[in-house]
Amino acid sequence: MATSDNSGAFLEDLANEILLSLPVKSLLRFKCVSKKWCALIEDPKFTIEHLICSKKKPPQFLIYDYGAPQDAPPVTVIFDNGIPSPSQGDNSQRFGAIKTLLGSVDGLFFLEREIDNGLDKGSLCSLWNPATREVRHLPAATIGFQPFDDSGRHFGFGLDPMTKDYKVIYHYLRDECAAVYSCSRDSWKIFKHDVNYNYRDCERNVLYNNTYLNGSYYWLLAEDPTWKIISFDFGKEMFVEIKGPPDDYYIDVWSANLILFDDSVAILNFLEGRVIDVWVMIHPGVWNKFVTFNWFEPIEICYESSLILVTKDSRLLSYNVKTKKTKLLEFHLPGTSSTDPEIGGCGIYYYKESLVTIKRQESGELDLSGCLTKMVAGY
């Protein structure tokens, strides 16, 4: 009898391990196999364990083609060798008039779109899980968003590491107030910030999508002739100013980029002669010049210790800064030569799919509101 019980437990554990290794598309299909499997896959604990497994898998990139024709899916997911991921399938979800697309954080994206209200044009903010195809529209903010073409307006998207609550931050440099949206509250909260800006100059936000790290979102801000780095702490819901590399080192903030490099915040500083310095932040305000290399094509994103570059004929290249090895990805899409949604370009995003749900229940809370406070150790 005991042997039979042990065998049953072993088979259940084995099935659980196999399911954890499967892509989201397969898991959503397998929910129909039995009530037991459906309950397991919908279990918040399983969602978190699957997310941890997903983060251990090889890198993937989500490419959103802003100019995709109506008969073609705008979303493509590829492996780091450029081969499309068969697990994603054709995602025909289409979002018109995208102005901002940030992510991914635990497989989720934040997007802002322009909508026509009849009398004027407004903004619609949403959260999106491409793997489950869930979309959550955020309520209208009680703070007025500035026009889309104003370079002083910025969003950030990330996770509060203590409460496991996904949040969105909006701030405009010439306003003394900012607004933060919380999924658990399902509302925006307006607060006064104490970041000092040079209001006489036009601010320039130069960042890639991956500027979120460990509960904070980072911006590189130019205030001619100086510059600064600010971050927003999603847990404390406050801005923090961070000192950059040594004062005697010149950084051209109008061309430099703030990125993630091997799980650290880093600055790509473009010098003369197609030379790039990489400065890595070891601790807040403590920087180390990591490497100098020659660049030869436009840089789209950075992942781990590699850069994704785009050639003139819209081919993708992966360049490992540590090994100095270049790899041509087996993917070609004309729009990848531009990232501007206005002219039908493509956005390229480092991506790890997940089962994380953003649905609202009748109470207005997240389906995962209970589990997000019970994340397993090591997450």
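The values are calculated or read from the model by the stated rules, or taken from the named source; none is laboratory data. Here the structure is a predicted model, which is why all the values come from computation and not from measurement. For neighbour counting, all protein chains shown are included, and Cβ atoms are generated from backbone atoms with ideal geometry for every residue, glycine included. We work out accessible area using only protein heavy atoms, side chains counted, and drop any ligands, DNA or RNA first. Shrake-Rupley method; radii C 1.70, N 1.55, O 1.52, S 1.80 Å.
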Yes/no for Leu207 being touching a Leu at 6+ places or on another chain (Cβ under 7 Å), at pLDDT 65 or above and of a type outside the set (Ser, Thr, Tyr): no
Which of the residues spanning region 282-310 are in a strand (DSSP E or B), open to solvent by less than 90 Å² (accessible area, probe 1.4 Å) and touching an Asp or Glu at 6+ places or on another chain (Cβ under 7 Å)? Thr292, Ile308, Leu309, Val310
So Thr336 clears everything in (1) modelled with pLDDT under 70; (2) closer than 26 Å to Tyr181 by Cα; (3) open to solvent by less than 60 Å² (accessible area, probe 1.4 Å) except one condition, right? Which one? (2)
Take the residues in region 311-328 that are crowded, with 18+ Cβ neighbours inside 10 Å and not small (Gly, Ala, Ser); name whichever of them is modelled with the lowest pLDDT. Arg315
Does region 246-257 include one or more residues that are among the hydrophobic types (A, V, I, L, M, F, W, C), out of contact with any helix residue (DSSP H, G or I) (no Cβ under 7 Å at 6 or more places or on another chain) and in a strand (DSSP E or B)? no
Scanning region 239-275 for residues that are among the basic types (Lys, Arg) and either more than 29 Å from Val168 (Cα to Cα) or free of Cβ contacts under 8 Å to residues at least 12 places away in the same chain (or both) gives Arg274
